[in-house]
Each structure stands twice: as structure tokens, then as C-alpha cells.
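S.K.: Attaching a single structure in C-alpha cells format; questions to follow.
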Amino acid sequence: MYFLMKKAPGDLRKNLRYSAVGLEFSLSVIIGMALGWQLDKAYDTRPYLTMAGLLFGVAAGVMAIIRMYRRVMKEWEEEEAASTKASSQE
């Protein structure tokens, strides 16, 4: 995926990054639930570890969304600063 983002034009790169967050969220939930399910099978504690894995997966997905939000806001602020600087020089 990184090689696509490196060669892609600006808007496409941003869109790929946004779609990667959705994929990361989904995979976090699925992997967390799968790990919990496997632990439930191993320790015969159904459904408690599955639910715990699901919660950890959701938390990891939310953290990915927060990271992306912070990155987007930082880029937006940098673009705003650059456009303000360029307009003040004119």
C-alpha cells in the first residue's frame, strides 16, 4: 500500500490514506474478536474473552481514527498557514 501512496497524485494519496483508516478499523475489530474467540476456546470461558477481544479491537480502531484525525488537522493547519503566508506576500 505504501508504494501506491508514494507514486499517487496528491488527492488520490489522501483518499487512499482515508480508506486505509477504515480498513485498519475493520481489521482491528476482526483480529481482536478472533483472538478473544481463540482464547475462549482454549480456556473454555465463552463469551467473555471474545467480548474483551472485541472491545480491545474497537479501542484500537478508534485510536487509529484519532491518529488520522490529528494528522489531517495538522496538514490542514499547515496548508492554511502556507496559504495565509502566500496571500500576505501578494
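S.K.: How charged is the neighbourhood of ALA81? Take every other residue with its Cβ under 15 Å from the Cβ of ALA81, and add Lys/Arg as +1 and Asp/Glu as -1.
M.R.: Result for the neighbourhood of ALA81: -3.
S.K.: Next question, about the same structure. Pairing the Cα long axis of helix 48-89 with the longest principal axis of the chain, what angle in degrees results, from 0 to 90 and rounded to the nearest 10?
M.R.: 0 degrees
S.K.: At 7 Å along Cα-to-Cβ for each site, give me the label-to-label distance between SER19 and GLU78 in nm.
M.R.: Between SER19 and GLU78, the label points sit 2.3 nm apart.
S.K.: Which angle from 0 to 90°, rounded to the nearest 10, does the C-alpha axis of helix 10-43 make with the longest principal axis of the chain?
M.R.: Rounded to the nearest ten degrees, it is 10.
S.K.: For the chain, compute the orientation-averaged projected area of the C-alpha convex hull (one quarter of its surface), in nm².
M.R.: Orientation-averaged projected area of the Cα hull: 7.1 nm².
S.K.: Please give, to one decimal in nm, the separation of the simple spin-label points placed at LEU39 and ARG70, each 7 Å out from Cα toward the Cβ.
M.R.: 2.5 nm
Where a number appears in this text, it was derived from the coordinates with a stated rule and is not lab data. Since the structure is predicted, the reported quantities are computational estimates derived from the model, not experimental observations. So basically every Cβ, Gly included, is an ideal-geometry build from the backbone, and we count neighbours across all protein chains shown.
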